[in-house]
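Structure, as structure tokens:
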Amino acid sequence: MDSQIILFFLLSGLAACGIVVTVYKSIHIIEENENAIVSRLGRFQRILKPGMNFTTPFFDRIVFKEGLQERVLDIPPQQVITKDNVTIEVDAIIYWEIFDVYRVYYDVDNLLESLGNVVKTMLRSMVGNLKLQDTYSSRDEINTDLIGKLSTITSKWGVRVTLVEIQNIEVSDRIQAGLEQEREAESRKRATLANVEAISASVEALLKVIEKNPQQGEAILRFILAQKYMDVNESISKSDNAKIVFMDPKALTESLTSLLEDDLPVVDSSSASS
């Protein structure tokens, strides 16, 4: 009789422990901003939301649990050939988040690898359709277009791309030197055009003065020629191959006066007075 009682209590204790273990295993705590997928005998059952959830012991199991917070994927430098046949390296980062764990688990095999590959492909395609100079000035447009095109694809995987940012666009040292020379040439060209425009405006104003008052115009021309003469002398003195040149100031003045008298228009005093 005593052995039967002991056996009864032993079995009761084991049953109670089994019940406690079963209840414990059926309780699942899902953290905030997480979702979990429950599978029952190999088939999708339901998605567990944040909080305390209960499942059927021995039949249900959690096969996938993932956070829904935004995260970052770094895209390593990619070699791209631009529209004008220049090879550059472009790297980027993307910010993305999961909005449907069902699609992430069942519709794509390797999410990070798939996401990285599609970003690399689109990045090479979009940058490859631009000229080198346009890649620097069109970063915002590239980022915006990438977000739109990536979202179309990744939404099928339960992923939302929130931000794409191109970080660096690098070219080889040889191409960089060529770009620097091109920029310097363009700057010299703009400076030359500006100088020509300024000289043209000055000559036009001077001609108007000469037309109205030849004597005043002659004085202005003398001053300009003298100033240019001084500038030339100064440039010669600073040159590494400078030579010492002796010039007679009187002869120089007479030559300039003769040149001005030959070039300036003669105004008839009788007609001017009339």
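Values in this text are rule-based calculations from the coordinates and carry no lab data. Bear in mind that the values here come from a model prediction, so they are computed numbers and not experimental data.
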Exercise for the section: Take the Cα atoms of the range 71-171, find their three principal axes, and give me the spread along each one in whole Å, biggest first. Expected result: 44, 21, 19
Completion exercise
Relative contact order as a percentage, the range 13-67, C-alpha pairs under 8 Å and 6+ apart, gives 38
Problem - Normalised contact order of the range 1-132, rounded percent, pairs of Cα under 8 Å and 6 or more residues apart - result: 20
Handout entry: Subset of K25/K156; K120/K189; K65/K120 violating a 31 Å alpha-carbon distance limit
Key = K25/K156; K120/K189
